[in-house]
């Protein structure tokens, strides 16, 4: 049996701001941009990993969610508590400088971690934490 990841989801509150970050800053390519029932889903892929789609979705895309649940998810997103994604890079320091130059919120400057990676961290425009790891040799 061969099992692979095909999609992962990141909640966003503004798809245009998210696209400006994920497409224009990170260099991901837009695969789909779909509107349905007043909501929008945009999927982006890394050119070096086109079989894994990152779906930028509304914080609460469940039509059965109560107003209280929708409000709770919106508040959690605003605090940056919903999602975290870890990307790999072949140059953590250059990646850090490019993302920092875009004005993204820096959470952690590049550092060598005891578990064998050099990494840094940012918040995307919606507040999600993103980490960028480089394997140490």
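What is the Cα centroid distance between region 123-137 and region 1-68, reported in whole angstrom? Here the answer is 16 Å between Cα centres. Beta-bridge orientation, region 7-135: approximately 70 percent antiparallel, per DSSP, counting only bridges with both partners inside. Each residue, residue 88 and residue 69, gets one label point 7 Å from its Cα in the Cβ direction; the gap between the two is 3.6 nm. Across region 1-98, the volume of the C-alpha convex hull divided among the residues equals 140 Å³ per residue.
When DSSP beta bridges are restricted to pairs lying wholly in region 1-79, around 65% turn out antiparallel.
Between residue 106 and residue 136, the contour length at 0.36 nm per residue exceeds the Cα-Cα span by 8.7 nm.
So how much slack lies between residue 98 and residue 4, counting 0.36 nm per residue of separation and subtracting their Cα-Cα distance, in nm? Walk me through the numbers before you get to the answer.
Values: separation 94, 0.36 × 94 = 33.84 nm, distance 2.99 nm.
Stretched fully, the residue 98-residue 4 segment lengthens by 30.9 nm.
Using alpha carbons only, what's the Rg to Rh ratio of region 51-137 with Rh from Kirkwood? Kindly include the intermediate steps, with their values, before the conclusion.
Numbers: Rg = 15.5 Å, Rh = 14.5 Å.
In region 51-137, Rg relative to Rh is 1.07.
Relative to the dominant Cα principal axis of the chain, helix 92-101 is inclined by about 50°.
Just so you know, all these numbers are worked out from the coordinates, no wet-lab data involved. Keep in mind that this is a model prediction, so the values were computed, not measured. Backbone-built Cβ (ideal geometry, glycine too); neighbour counts: all protein chains shown.
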